[in-house]
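Reviewing the structure listed below.
The values are calculated or read from the model by the stated rules, or taken from the named source; none is laboratory data. No experiment lies behind these values; they were computed from the predicted model shown. In this analysis, Cβ positions are derived from the backbone assuming ideal geometry, glycine residues included, and neighbour counts consider all displayed protein chains. Only protein heavy atoms, including side chains, enter the accessible area calculation; ligands, DNA and RNA are left aside. Shrake-Rupley method; radii C 1.70, N 1.55, O 1.52, S 1.80 Å.
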Amino acid sequence: MDKITVALGQFHKKCYDRMIYKEDAGVTGWDKPEEVSDAELKKILIENMQAGDFVDVSNIAMILNYRQRI
């Protein structure tokens, strides 16, 4: 397997595990803009970027991208 495939696989697992962890903890609204606005998500994204939490940054970017399609 090449390095990019390994890196993407590992990162995907971290992102997936974090989303499941948050869902199990009762965090909701990722797919409901009426619960958590895009503006609020962008604020949280910036906070996570500044904190160096790239897994949450990636997940929030995924959520915003998903919302563009609904």
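For an R0 of 35 angstrom, estimate the FRET efficiency from the Cβ-Cβ distance between ALA39 and MET1 and round to the nearest 0.05. Intermediate values should be presented prior to the final figure.
Details: r = 40 Å, r/R0 = 1.13.
That gives a FRET efficiency of 0.30.
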At a Cα cut-off below 25 Å, give the lysines reachable from LYS32, other chains included and same-chain residues fewer than 8 away excluded.
LYS13, LYS14, LYS22, LYS42, LYS43
Cα centre as origin, Lys/Arg/Asp/Glu Cβ charges: the chain dipole, Debye
240 debye
Report, in degrees rounded to the nearest 10, the 0 to 90 angle that the Cα long axis of helix 54-67 makes with the longest principal axis of the chain.
60 degrees
Computed from the beta carbon distance with a Förster radius of 22 Å, FRET efficiency for LYS32 and LEU64 to the nearest 0.05 stands at 0.95
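Using the eigenvalues of the Cα gyration tensor, what equivalent ellipsoid semi-axes result for the chain when each is taken as the square root of five times the eigenvalue, whole Å, largest first?
Details: eigenvalues 102, 36, 32 Å².
Square roots of five times the eigenvalues give 23, 13, 13 Å.
Quick check on the chain: helices-only [θ] at 222 nm, where DSSP H runs of length 4 and up contribute -39,500 (n - 2.57) each and the sum goes over total residues. Nearest 500, please. Mind dumping the intermediate values first?
Working: 3 runs with 50 residues, N = 70.
Rounded to the nearest 500, it is -24000 deg cm²/dmol.
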Calculated FRET efficiency for the pair GLN50/ARG18, C-beta based, R₀ 22 Å, to 0.05:
0.80
Using the per-residue mean of other Cβ atoms lying within 10 Å as a proxy for protection, in what order, highest first, do the peptides 38-47, 53-62, 3-12 fall?
53-62, 38-47, 3-12
For the chain, what is the accessible area per residue in Å² when the probe is 1.4 Å?
77 Å²
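Once you list every other residue whose beta carbon is under 15 Å from the beta carbon of ASN65, what net charge do they have if Lys and Arg are +1 and Asp and Glu are -1? Working shown, then result.
Numbers: positive: LYS42, ARG67, ARG69; negative: ASP31, ASP38, ASP56.
Within the 15 Å Cβ shell, the charges total 0.
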